[in-house]
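A short write-up of the structure that comes next.
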Amino acid sequence: MFKTFIKIFSFLIILLVVFIGYLSFFGIETKSFNKLIQEEIYKTNNKIKVKFDKVKILLKISNLSTNIKASDIVLIHDNKEIKLKNISTNLSLRAFLKKEFGIKNAFIESEDNNLIDVVNFFRIYKNSPQLIIFEKMLKKGKINTKIELNFDENGKLKKDYKFFGTIKGAEIKFFNKDIISDIDLNFDIQNKFYLIQNVEIQYKNVNFSSRQVNVIDKDKYFYVEGNINNKSSVFDKEKLSIFFRQSLKNLNFESAKLSSDNNFSFKVNKKFKISDISLKTKIKLNKLNYKIDIAKLKNYIPSYNGFIDFQDHDIDLTIRKKKLSIKGIGNYLIGTTSEIVSYDIINKDGNFRFQSKININKNPLHIEFLNYKKKANKDSNLFIDGEYKKNKSFLFKEISLNDSKNNFLIDNLSLSKDLKINYFKLIDLNFVNENKKNNEIIIKRDKKDYLISSKIFDGSTFLDEILKGDNDKGITSFFTNLNSKFKINIDKVFIEGNDFLISFKSDIQYKKNNLENLNLSGNFADNKKLTLTIRTNENNEKITTLYAENAKPLVKKYKFIKGFEEGYLDFYSVKKNNLSKSKLKINDFKLKEVPALTKILTLASLQGIADLLTGEGIRFNEFEMDFSNKKNLMTINEIYSIGPAISLMMEGYIQGKELVSLKGTLVPATTLNKFVGSIPVLGKILVGKKTGEGVFGVSFKIKGPPNKLETSVNPIKTLTPRFITRTLEKIKKN
């Protein structure tokens, strides 16, 4: 009997071992635990329903638990289904027997599900404001996940969960209606740590990718760091403004083609406010078409067409603690000519500090007020070190332009927002101008005044503006509000061609950007004097007087009058409200090589007088010119000149460098004319009582551009009383 018992007991033991071994290695499938599992899940959250078919049970002897695995599961919440490939969990037999919560962990692998449904489901366990906002912005997408969960003895989810998987084809619409679409990524979410990898997104038709983005929950804020890049794409200002909203809003460009590789970090608080931005970017700028609204730039760069193209730039951009740094090098294109430019820009607290080296080798460069021109294909370098301030003003610590023979230096130049000079510390110029003249000049600031010294300088361009009475192109056109004195001392200054002054000295005073007073003196090479004074009277009239014992250099300034020799000059002008009225007198001079006058004499069949121009010239006793200037227009009320050979009278206008229009009367001064004209009684008879009475002379017209004048002559013309009266006045005076 005992042996039989032993056999049965042994068989049962073997059967139990085999059964346990089978359960441990192969497990069993049953529906018996379905209700139990559903109840346990219901205990974790009563809003979730579960549907599945069978459960596979695998016994784990080592810790007295069973592994329960269910496949093809459907989680139902709020009438939305989440499909899972399988769920497996370990059930503690000891806890089960004690009727305690026995599920210690759960492993979940999903099918592809709608991302919105998964976010809604996830909110059951962690209903944070961020998830609520994210769910509202999320429009579509698929998600495939694997989840590892651990529970405490009370059935509550522990914080050491793991949630990883992939997202495909997602789309997010922000509250400002911007859309990020075609989102593909891998994610790994753990407690307070979010890892996103292999990201592909599209924003405003630009494809971005990211190797990795880390998000760390710091309780009070999220810390985000990672990488994002894009292949060469076209960006307009709107697309770039999301990254540089404040920096780019005033820049004049339509689009830029570029690729970039960006490493970034920042903080986001619970209200989605971004702070502590740090960005390191490498940009390959393929092309940027930039508009610069400086009309006068064409005066310096003739090929400028309003735009500058930037091409093939390598740029390093850094943002850290509200400090922006940009370093780059590449090509800039003006017109059809490409040059190299490098730059270093720092923006801190709204102020831009910048340095730039610009090659100006292929492009021509003109500085009109200095009469300097750099020809194309001549190496030249421009260096700029300055700062653009929040009030839109500029401070240039250094501007230097250098080529093989010419050097220009400006030190501490302050410009207003409309690019007018506030002040400067030093200007040092050493160059050869278009007249092939050497120029060496230094201008130093002394408190609020300026000292100008030079060994040699070509001042012909500046003298042109004084004689024209045109302040629009004078020194004050460069200043915002000039209230300074200039003290000038130049050893040798050229005033026209090879004519020069020595011991040139001047004191000039400006008030409220207007020339108030000027005293100028110098000596010609033959020791003849030149003086110039400008005074402002109580009626705010500016009175200019110029006296030169050598008239030739100054008369040359009037391009329609050529071939002056000898003579002395007296000039007087009154200017008010930008209108100047002037009178120019020249005495005891002669003319030769004057094309217009030669043509008049020839057409009038006065060949004998015309021949004088090819010899010693035609002598004149007096020349008077009464004229006015307003901006670019010179109106000649009267030019009257009398001499032994001829007398003439003219009037008309000169429109800058565009047009000359003159008409007048010319009379051969024969012996009879002079004899009869010198008798007072007979002079009155010659004048006559009716317009048109008198002796015969010649009328003429001169019209056209200064370099292409056309002349017409009417050789039979009755002299006007005005001409005869003026002639008699001069004869009587002499």
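With a 1.4 Å probe and all protein chains left in place, how much accessible area per residue does the range 186-232 have, in Å²?
Numbers: 2540 Å² over 47 residues.
So the range 186-232 comes to 54 Å² accessible per residue, rounded to a whole number.
Using a cut-off of under 14 Å, list every residue of the range 115-130 whose amide N is near the label point 7 Å from the Cα of Asp217 along the Cα-to-beta-carbon line.
122-130
In the range 362-445, what percent of the accessible surface is made up of carbon and sulfur (1.4 Å probe, ligands and nucleic acids excluded)? Present the calculation step by step, with values, prior to reporting the outcome.
Values: 2270 of 4560 Å².
Here it works out to 50 percent.
Show Lys139, Lys552, Lys575 ordered by accessible area, largest first, where the area counts protein heavy atoms only and the probe is 1.4 Å.
Values: Lys139 100, Lys552 55, Lys575 30 Å².
These residues rank, largest area first, as Lys139, Lys552, Lys575.
How far, in nm, would the chain grow between Lys291 and Lys511 when pulled straight, counting 0.36 nm per residue and subtracting the alpha carbon separation? If you can, show how the numbers build up before the last one.
Details: separation 220, 0.36 × 220 = 79.20 nm, distance 3.55 nm.
Result: 75.6 nm gained on full extension.
For a quick protection proxy, order the peptides 625-634, 205-214 by their average other-Cβ count within 10 Å, most packed first.
Details: 625-634: 16.9, 205-214: 14.9.
By packing density, highest mean first, the sequence is 625-634, 205-214.
For the range 127-223, which whole percent of the accessible surface, found with a 1.4 angstrom probe, sits on carbon and sulfur atoms?
Working: 2890 of 5630 Å².
Accessible surface attributable to carbon and sulfur in the range 127-223 totals 51 percent.
About the Cα centre of the range 499-538, how large is the charge dipole given +1 on each Lys and Arg Cβ and -1 on each Asp and Glu Cβ? Please answer in debye to the nearest 20. Walk me through the intermediate numbers first.
Working: 6 positive and 5 negative charges, 16 e Å.
Dipole about the Cα centre, nearest 20: 80 debye.
The values are calculated or read from the model by the stated rules, or taken from the named source; none is laboratory data. Source: prediction; values computed, not measured. Glycine also receives a Cβ, built like all others from the backbone with ideal geometry; neighbour counts cover every protein chain displayed. Note: areas computed on protein heavy atoms with side chains; ligands, DNA, RNA excluded. Shrake-Rupley method; radii C 1.70, N 1.55, O 1.52, S 1.80 Å.
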